[in-house]
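One structure below.
The values are calculated or read from the model by the stated rules, or taken from the named source; none is laboratory data. Fair warning: this is a prediction, and the values are worked out from it, not measured in the lab. In this analysis, Cβ positions are derived from the backbone assuming ideal geometry, glycine residues included, and neighbour counts consider all displayed protein chains. In case anyone asks, the SASA skips ligands and DNA or RNA and just uses the protein heavy atoms, side chains included. Shrake-Rupley method; radii C 1.70, N 1.55, O 1.52, S 1.80 Å.
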Amino acid sequence: MPFSSLNLSPSLLEAVAERGYAVPTAIQLAAIPAILQGRDVVASAQTGSGKTAAFALPLLQRVAATPAVARGAIRPTSALILVPTRELAAQVGETVAALSTHLPRRVKVAVVFGGVSINPQMMNLRGGADIVVATPGRLLDLIDHNALSISALSTLVLDEADRLLDLGFGEELQRILKLLPEARQTLFFSATFPPVIEALASSMLRAPLRIETISSSNTPDIVQRAIHVDAAQRTQLLRHLLQDASWSRLLVFVATKHAAEIVAEKLRKYSIKAEPFHGELSQGKRQQVLHDFKTNTLRVMVATDVAARGIDIAQLPVVVNFDLPRSAVDYTHRIGRTGRAGEPGLAVSFLSTTTESHFRLIEKRQGVRVPREQIAGFEPTETGVAIDSNGGVKGSRPSKKDKLRAAALNQR
Ligand code: AMP
C-alpha cells in the first residue's frame, strides 16, 4: 500500500518522498490512521522499523491543521515527545523537523535535553513551540523556569516507552503526567514492553489500540553469533575479528563507563580508530563521537547502554556485546542498532564460563538458540565450558546468582 492511501496531506507526502521512503512500513500502516483518528496507541514494533515517522507524520498533520498564531503571540505546545536519551531527542527532533519542511504553515519543533546549557533552550522556547521533543529531566527544569507550559497539550508520545516508565525515570514521569491535561491522546512506542510496564501503561491510556507488528516476516535481518572466549582475551579477539573487511564499522557494548574507556584505549594502541561513548562524557564530546561514528570517521564506538535505545546509525554492519547486557530487553535494543530499515546486520556476543548461563536466559526470553562458537587461536582456557556436539554447552549449572538474575529477567 502506498503512503497516499494514509490520508496524509500532499506536503507530508512530498517530505516522505524526499526522504526516500517508497512505501509505509508495517508500523506506519497500522499506527498512522489510528493516531489521525485521535486514538491512544500502544505500539510495539521492531527496532529500526520506522517508528519515528509513524508518530511524527500524524502529529504534524494535526498541528498543521490548527490555525497559525498571530505574529508575536506564543505558540501553544500541542505535542510533547518524551525520549530517554539526549541523542535520541536530537535524532527524533531532526526527523520531525525534516518531515515538516513542506507544510503550508511553519511548525516549530523545539528539542530540549540535559548536559548542555539551559539558556539557549530557554531563548528558543520564548515564542513557544508547536512540538517539543524532550528528555524528562530537562523538560521539568524548563517548566520550573516558566520557559514552557504543557498544560494545553493534545498529544503525549513516549518513545522507548518501557525505558521511560522504568524506575530510573519513574518520579520525573509522574511529575510530568501531573502537569498534563487529563483529556489528551497518549501514544506509547517501543520494541519491548515487559509485563510490569504493560500493566503500568494500561493505567495511563484510554482504550488504547494495541499494535504489534513484530512477526517473523518483518523481524530485522540480524544474524546472531555467540563466541566463547576468556574474558582477558576479548580485546585481542576483537582486534582479530576487525581484520574482516565486512566489519567496517562496529558498535561495541560494554557494562561500565570505565570499561568503555579502557577498551577504546586498548584498540587505539593498535591503531584502530576507537572512542568511548557513555554518560560521563560532556554532551559536546558525546555528540562529536556519535557524529564521527555516523559519518564513518570513527571505526569503533565503545558504548554503555546509553547508546542502546533508538539511535539510528545507517548501515551499521556489526554490534558486539563485549559484556552481556543486564536483561533480554537491553539485548533486543542493543542488537537492534544493526539490521535497520531492512538492511542485514550481525550481532556477536562474547561469552565466558561465568556469563554462559546469563546468555541462556537471554536466549530463552528471546525464544532463540544461538550456536556457540570458538575462534581458532582464542579457544577458552577457563574451565567449566565444553561445547557438545550440537553446539550446546555442557557442564555449567545455574548458580544461586543466576537464578536470582533469571527471576529479575522474568520481571522485566
Ligand atoms: P526509526 O525506527 O524511526 O528509527 O527508523 C529507522 C530507519 O528507517 C530510519 O533511518 C528511517 O529514516 C527509515 N525509515 C522510516 N520509514 C521508512 C519507510 N517508510 N521506508 C524506508 N525507510 C524508512
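Taken residue by residue, the range 53-60 has no member that is touching a residue at least 12 places away in the same chain (Cβ under 8 Å), in the same structural domain as S154 (by TED's automatic domain parsing) and surrounded by fewer than 24 Cβ atoms within 10 Å (Cβ to Cβ). Go through L140, L167 for me and flag whichever is of a type outside the set (S, T, N, Q), surrounded by fewer than 21 Cβ atoms within 10 Å (Cβ to Cβ) and either at pLDDT 90 or above or assigned by TED's automatic domain parsing to the domain that holds R334 (or both). The match here is L140. Scanning the range 107-127 finds one or more residues that are closer than 20 Å to Q174 by Cα and open to solvent by 10 Å² or more (accessible area, probe 1.4 Å).
With respect to the conditions (1) open to solvent by less than 10 Å² (accessible area, probe 1.4 Å); (2) out of contact with any Phe, Trp or Tyr (no Cβ under 8 Å at 6 or more places or on another chain); (3) not aliphatic (A, V, I, L, M), R71 falls short on a single one, namely (1).
Annotation note: Cβ proximity below 6 Å between a residue of the range 90-104 that is open to solvent by 40 Å² or more (accessible area, probe 1.4 Å) and a residue that is away from the ligand (no atom under 13 Å from the Cβ) and part of a helix (DSSP H, G or I) (sequence gap 6+ or interchain) occurs for H102/S11; H102/E14. Scoring E171 on the criteria (1) within 29 Å of R206 (Cβ to Cβ); (2) part of a helix (DSSP H, G or I); (3) within 16 Å of the ligand (Cβ to nearest atom) leaves a single failure, condition (3).
Sub-6 Å Cβ pairs linking a first residue in the range 38-51 that is touching a residue at least 40 places away in the same chain (Cβ under 8 Å) to a second residue that is of a type in the set (F, W, Y) and more than 12 Å from the ligand (Cβ to nearest atom), at least 6 apart or interchain, are V42/F188; S44/F193, ordered by first then second residue.
Please tell me if A73 is modelled with pLDDT under 95 and within 11 Å of the ligand (Cβ to nearest atom). Spelling it out, it is not the case that A73 is modelled with pLDDT under 95 and within 11 Å of the ligand (Cβ to nearest atom).
Please go through the range 76-109 and pick out each residue that is of a type in the set (D, E, K, R), under 16 Å from the mean Cα position of the chain (by Cα) and more than 14 Å from the ligand (Cβ to nearest atom). Before the answer, list the steps.
The initial filter retains those residues of the range 76-109 that are of a type in the set (D, E, K, R), namely 86-87, 94, 105-106, 108.
With the extra rule that they be under 16 Å from the mean Cα position of the chain (by Cα), the set shrinks to 86-87, 94.
Result: R86, single match.
Counting only strands (runs of 3 or more DSSP E) wholly contained in the range 265-353, the ones carrying 1 or more residues that are open to solvent by less than 10 Å² (accessible area, probe 1.4 Å) and touching a His at 6+ places or on another chain (Cβ under 6 Å) occupy 344-351.
Here R365 clears all of (1) farther than 17 Å from P276 by Cα; (2) at pLDDT 90 or above; (3) away from the ligand (no atom under 16 Å from the Cβ) except the condition numbered (2). Scanning the range 14-31 for residues being within 12 Å of the ligand (Cβ to nearest atom), touching a helix residue (DSSP H, G or I) at 6+ places or on another chain (Cβ under 9 Å) and assigned to a helix (DSSP H, G or I) gives a total of 8.
Given R340, R299, R365, which one is out of contact with any Lys or Arg (no Cβ under 9 Å at 6 or more places or on another chain), among the charged types (D, E, K, R) and not assigned by TED's automatic domain parsing to the domain that holds P84? Break it down stepwise before answering.
Working: R299 fails: out of contact with any Lys or Arg (no Cβ under 9 Å at 6 or more places or on another chain); R365 fails: out of contact with any Lys or Arg (no Cβ under 9 Å at 6 or more places or on another chain).
None of the others qualify; the one that does is R340.
Have a look at R234, R210 and point out the one that is of a type in the set (K, R) and modelled with pLDDT of 95 or more.
R234
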